[in-house]
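Below is one structure, written out as structure tokens, with a few remarks after it.
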């Protein structure tokens, strides 16, 4: 099947539901002759929420879930039109639709009239390496372009950050940054001080210099709105001590963070394009 190529784990600038989903050739499914008790055992051991059913006609049009009141029993479910998602749907649209419908999974469809199910997208797939790398590449782009906007030199920049670091966490983070910079400076291999900064510090300098106006924000509040969720997302990706998405509440936070991510990227792209045309 030609759809299989879209389930390969390559790194793309734009990814689809199929990129992080699981192809039907790779998933665990119920086949004729299998015992339901074996399926229940596998679902409990592997923590599977959904097991597609491969029927005698060689198609997938139903699936099993564990009974919510008694997980020693299976519930039979038909794959309804609302359970389907086009397999080449952009990942941001997949997040939006899953969050809007409050569904924990979608069966991925190629849109054909018959035998259209080609894969599955579940909440757990948002914790895949491919999705992490995709998000981190955009976050890194935003941090790099934020740094390019800032004009303050090292002395002025650290002065501003000391004034704007008003929590123990941000004070400790700044102290660590200054320590790393001082150590590299002592050894003669320091970089531009902005390369040592995190998203919070870059945001503070942009607000202090009012560089957010160059990104067409009316005020600092509009610029800063949503960056908190983006910062949390960045921290989880860079230091994954827990999954990004474990439940629907996490999915909602992911959508907020991604909305800000794309908003900033679009404004930075526009700013860079204008600067290029002027120069």
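Need a quick list: strands (runs of 3 or more DSSP E) entirely within the stretch 58-125 having at least 2 residues that are within 15 Å of residue 254 (Cβ to Cβ).
Working: elements: 60-66, 74-78, 84-86, 105-109, 117-122.
Passing ranges, in order: 117-122.
Might you let me know whether the stretch 68-83 holds any residue that is outside the structural domain of residue 243 (by TED's automatic domain parsing) and within 30 Å of residue 261 (Cα to Cα)? Give the derivation first.
First, pick out the residues of the stretch 68-83 that are outside the structural domain of residue 243 (by TED's automatic domain parsing): 68-83.
Still in the running and within 30 Å of residue 261 (Cα to Cα): 82-83.
So far as the stretch 68-83 goes, yes, one or more of its residues are outside the structural domain of residue 243 (by TED's automatic domain parsing) and within 30 Å of residue 261 (Cα to Cα).
Would you check if residue 24 is modelled with pLDDT of 95 or more, in the same structural domain as residue 7 (by TED's automatic domain parsing) and either more than 27 Å from residue 254 (Cβ to Cβ) or over 30 Å from the mean Cα position of the chain (by Cα) (or both)?
Details: modelled with pLDDT of 95 or more: yes; in the same structural domain as residue 7 (by TED's automatic domain parsing): yes; either more than 27 Å from residue 254 (Cβ to Cβ) or over 30 Å from the mean Cα position of the chain (by Cα) (or both): no.
It is false that residue 24 is modelled with pLDDT of 95 or more, in the same structural domain as residue 7 (by TED's automatic domain parsing) and either more than 27 Å from residue 254 (Cβ to Cβ) or over 30 Å from the mean Cα position of the chain (by Cα) (or both).
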Open item on the list: Show the residue pairs meeting these rules: Cβ distance below 7 Å; 6+ apart or different chains; first residue within the stretch 266-279 and at pLDDT 85 or above; second residue not in a helix (DSSP H, G or I).
Closed with: 267/216
TODO: Grab the helices (runs of 4 or more DSSP H) fully contained in the stretch 153-247, keeping just those with 3 or more residues being closer than 30 Å to residue 48 by Cα and within 24 Å of the chain's Cα centre (by Cα).
DONE: 227-238
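The values are calculated or read from the model by the stated rules, or taken from the named source; none is laboratory data. Because the structure is a prediction, the values reported are computed rather than measured. Positions of Cβ are backbone-derived with ideal geometry, glycine not excepted, and every protein chain shown enters the neighbour counts.
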